[in-house]
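Beneath this line is the structure, given in structure tokens, with notes to follow.
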Amino acid sequence: MSRTRTSKVFALAFAVGLVLTLARGARADCPGDFKPAAGQPLDMLVLGDSIMWGQGLKPEQKFSWRIKCWLQEKTNREVRQTVFAHSGALISVDPATAPRFKSNDGEVNLPYPSINEELDQARDFYGPASAKVNLILLDGCINDVDVSNLLNVTTDPNWLRERINTSCKLGMHDLLKRVTESFPNAQVIVPSYYRIVSDSTADNAFIRLLAKNLNNKRPEARRMTDKEMRDRLIKLSELWYRASTGDLREAVDRLNAELAARNLPPKATFVEIDFWPEHSFSAAETLLWNFIFGSTNLSGLRKFIVTLSFGTAAYKPNDEVRESRVRSCNETFKAPKGQKETDAEKRDRKDRLLICRYASLGHPNQMGALVYTEAIKGQLQWIIDKAGWKNVSKTQALP
């Protein structure tokens with residue numbers, strides 16, 4: 001079997017396994033006594049990376065699930081949610097590269113399946129019913145840019161800007177084209193990302209140590225003062241936030257302009273999320289999952305963990321699903337039986353295991369997910385009426 005064929009087979013197996021896992025782990029009913037009226041349900045598809053997956057959150061805390069519940073009450077129709085998003089997904093991967101690791105747990109940080117492959121899986125899943133999909137929540141491009149580049153104080157800003165453009169504008173535009181062609185009647189929501197580090201990020205010994213450990217293999221970085229490192233990280237993060245926000249918006253606008261040229265209505269909506277500098281990594285009002293160190297909560301980012309030289313037993317993220325994720329990580333990245341690893345493969349596997357265990361760090365916590373929810377609801381308010389989603393026979397109006 002060719003490597004390309006192997007990749008496709010794995011992607012399909014992952015898709016089936018993930019959907020079955022989600023079905024088996026079905027949530028309780030949405031909060032309250034409201035029951036949607038009988039009739040044709042709305043179908044909502046969720047594609048993307050760890051932000052869209054809801055890293056570290058219980059199912060009912062994820063913004064996609066909150067949107068589902070809100071839509072049910074707003075439209076008086078059942079909303080069926082199907083999730084293919086998972087942690088670590090890139091927009092595209094080399095189809096000739098066979099995946100070394102696999103997992104059916106979306107919490108496990110893996111590049112496969114890519115978001116384009118998630119789309120292929122969704123098309124196979126819906127089949128002839130693809131035209132009945134009403135809403136798609138879609139994100140992607142931060143893994144293509146790679147967070148490690150945003151936390152590398154020696155990263156060239158001009159190079160980073162080009163990489164963001166390639167991933168967040170060109171890559172997302174091409175993905176949006178495929179999504180809207182595959183699901184011709186769906187409205188697509190594309191949310192923004194957020195600053196990772198800002199001038200509101202804590203400036204203490206622990207944070208300075210993290211920055212040094214991240215960059216200690218780079219001679220140029222070792223010559224920098226703590227202040228110079230901090231300033232570089234803040235500038236790179238600000239560049240990431242502003243460039244990715246602008247590029248994702250342009251990708252959406254370009255798609256809608258192309259549709260208008262064919263006398264078709266707009267199908268995609270960009271949603272800027274209100275995460276401000278004070279909500280970033282290790283800030284006083286952070287909306288991201290934190291470290292737990294002894295009795296003190298400290299914010300963190302999963303990419304930092306790989307470079308930490310001190311023991312990890314005392315450091316834990318404070319997310320809701322840490323224990324179950326660690327079990328999945330241990331299973332996914334365990335030493336292969338009957339196969340000899342090279343030294344490089346062993347190091348790579350152990351690094352991936354450590355990243356996986358701490359994968360929630362730097363992702364929206366419960367409050368952060370609520371901010372995403374409210375921003376998306378604000379855009380859906382007008383789409384609901386325009387798209388004719390309401391069950392007009394017995395609609396219950398919400399504020």
Original post:
With respect to Leu209, is the statement that it is open to solvent by 60 Å² or more (accessible area, probe 1.4 Å) and farther than 26 Å from Glu278 by Cα true?
Top reply: no
Subject >> Qualifying position, being out of contact with any helix residue (DSSP H, G or I) (no Cβ under 7 Å at 6 or more places or on another chain), of a type outside the set (Phe, Trp, Tyr) and either at pLDDT below 90 or open to solvent by 70 Å² or more (accessible area, probe 1.4 Å) (or both), among Gln339, Gln379, Gln396 >> reply: Gln339
Original post:
Right, Arg254: at pLDDT 95 or above, open to solvent by 30 Å² or more (accessible area, probe 1.4 Å) and more than 25 Å from the chain's Cα centre (by Cα) or not?
Top reply: no
Original post:
Among the helices (runs of 4 or more DSSP H) contained in the stretch 131-203, which hold 3 or more residues that are at pLDDT 95 or above and surrounded by fewer than 24 Cβ atoms within 10 Å (Cβ to Cβ)?
Top reply: 142-145, 157-164, 172-182
Subject >> Wholly enclosed helices (runs of 4 or more DSSP H) of the stretch 1-86 bearing at least 1 residues surrounded by 18 or more Cβ atoms within 10 Å (Cβ to Cβ) and modelled with pLDDT of 95 or more >> reply: 50-53, 63-75
Original post:
Say we look at the stretch 216-244 and pick out the residues that are surrounded by fewer than 17 Cβ atoms within 10 Å (Cβ to Cβ) and polar (S, T, N, Q); which of these is modelled with the highest pLDDT?
Top reply: Thr225
Subject >> the stretch 317-328, subset modelled with pLDDT under 90 and part of a loop (DSSP other than H, G, I, E, B), residue farthest from Asp203 (Cα to Cα) >> reply: Glu320
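The values are calculated or read from the model by the stated rules, or taken from the named source; none is laboratory data. No experiment lies behind these values; they were computed from the predicted model shown. All Cβ positions, glycine included, derive from the backbone under ideal geometry; neighbour counts span all protein chains shown. Side chains included, ligands, DNA and RNA excluded: accessible areas come from the protein's heavy atoms. Shrake-Rupley method; radii C 1.70, N 1.55, O 1.52, S 1.80 Å.
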